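Participant: Once you've had a glance at the structure underneath, I'll fire off some questions.
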Amino acid sequence: FYLTGVSRALTHELIRHRHLSYSQMSQRFVDESEANIVMPPAISALYHEGSKEYETVVKSARKSLKKYTALVESLQNEGLPRKQAREAARAVLPNCLETRIVVSGNLRAWRDYLKKRISPHADAEIRIVSQMILAELYDVAPSVFKDFVE
């Protein structure tokens, strides 16, 4: 699966599943100064754009992105190569920034993952993504995933 529009917070949860394989966009090689913000589901479910709570997330993330950009520039002005400057500056980036990741695994690994991540106790964003993954896997191998759908 190629996941886009997901937060780094989601991928921190996702990579705990050791039987799946990952290839994630690198913050060392990719300039994050224009990264999109992925709103946590609880915030977007309870608050509308423009509300104090919603804007707290947006303003905080944008402020971090500005600090990131300034820090990269400052570090490069001190002579650090671009990759090393981004590597150091990423320390100020929030978990709500969008990332992209490729995830692969065999059917057994996907079943194990889904068992844990479509649960109501799982992180809200990963639960939503997991339900989409389940729908795709069910289309490909309905007999393997029918117990999740029933």
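Participant: Determine which member of the set S44, S33, S23 is in a loop (DSSP other than H, G, I, E, B) and of a type in the set (G, A, S).
Facilitator: S33
Participant: If a residue has to be in a loop (DSSP other than H, G, I, E, B) and either open to solvent by less than 60 Å² (accessible area, probe 1.4 Å) or of a type in the set (S, T, Y) (or both) to count, how many in the range 80-131 make the cut? Show your work before the answer.
Facilitator: Within the range 80-131, the subset in a loop (DSSP other than H, G, I, E, B) is 80-81, 93-96, 105-106, 118-123.
Still in the running and either open to solvent by less than 60 Å² (accessible area, probe 1.4 Å) or of a type in the set (S, T, Y) (or both): 93-94, 96, 105, 118-119, 122.
The number of residues fulfilling the criteria is 7.
Participant: Let me ask another. Please identify the pairs in which a residue from the range 135-150 that is of a type in the set (S, T, Y) has its Cβ atom under 8 Å from the Cβ atom of a residue that is loosely packed, with under 14 Cβ neighbours inside 10 Å, counting only partners at least 6 apart or on another chain.
Facilitator: Y138/K146; Y138/V149
Participant: Moving on to the next point. Determine whether the range 8-19 contains at least one residue that is closer than 22 Å to L114 by Cβ, within 13 Å of the chain's Cα centre (by Cα) and among the small types (G, A, S).
Facilitator: yes
Participant: Now, a different point. I'd like to verify a number: residues in the range 22-39 that are open to solvent by 50 Å² or more (accessible area, probe 1.4 Å) and not hydrophobic (A, V, I, L, M, F, W, C), how many?
Facilitator: 7
Participant: Condition first: closer than 17 Å to I15 by Cα and hydrophobic (A, V, I, L, M, F, W, C). Now tell me which residues in the range 108-150 satisfy that.
Facilitator: Answer for the range 108-150, where residues must be closer than 17 Å to I15 by Cα and hydrophobic (A, V, I, L, M, F, W, C): A109, W110, L114, I118, A122, A124, I126, I128, V129, I133.
Participant: Continuing with the same structure: Scan the range 93-116 and report the pairs whose first residue is in contact (Cβ under 8 Å) with a residue 24 or more places away in the chain and of a type in the set (K, R) and whose second residue is surrounded by fewer than 18 Cβ atoms within 10 Å (Cβ to Cβ) and not in a helix (DSSP H, G or I), with Cβ atoms within less than 6 Å and a gap of 6+ or a chain change.
Facilitator: What qualifies is R100/T4; R100/M25.
Participant: Just one of (1) in contact (Cβ under 8 Å) with a residue 12 or more places away in the chain; (2) open to solvent by 30 Å² or more (accessible area, probe 1.4 Å); (3) over 24 Å from A88 (Cβ atoms); (4) not aromatic (F, W, Y) trips up T56, so point out which.
Facilitator: Result: T56 passes all but (1).
Participant: Related question: Which one of these is exposed (fewer than 13 other Cβ atoms within 10 Å of the Cβ), of a type in the set (G, A, S) and assigned to a loop (DSSP other than H, G, I, E, B): G50, G5?
Facilitator: G50
Here is a yes/no grid of residues against (1) at pLDDT 95 or above; (2) in contact with a Phe, Trp or Tyr (Cβ under 9 Å, 6 or more places away or on another chain); (3) over 17 Å from R8 (Cβ atoms); (4) not in a helix (DSSP H, G or I):
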site: Q27; (1), (2), (3), (4): no, no, no, yes
site: Y54; (1), (2), (3), (4): yes, yes, yes, no
site: L65; (1), (2), (3), (4): yes, no, no, no
site: E73; (1), (2), (3), (4): yes, no, yes, no
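The values are calculated or read from the model by the stated rules, or taken from the named source; none is laboratory data. Computed from a prediction, not measured in an experiment: that's the story for all the values here. Note that we place each Cβ from the backbone using ideal geometry, even for glycine, and neighbour counts take in every protein chain shown. The accessibility values were calculated without ligands, DNA or RNA, using every heavy atom of the protein model including side chains. Shrake-Rupley method; radii C 1.70, N 1.55, O 1.52, S 1.80 Å.
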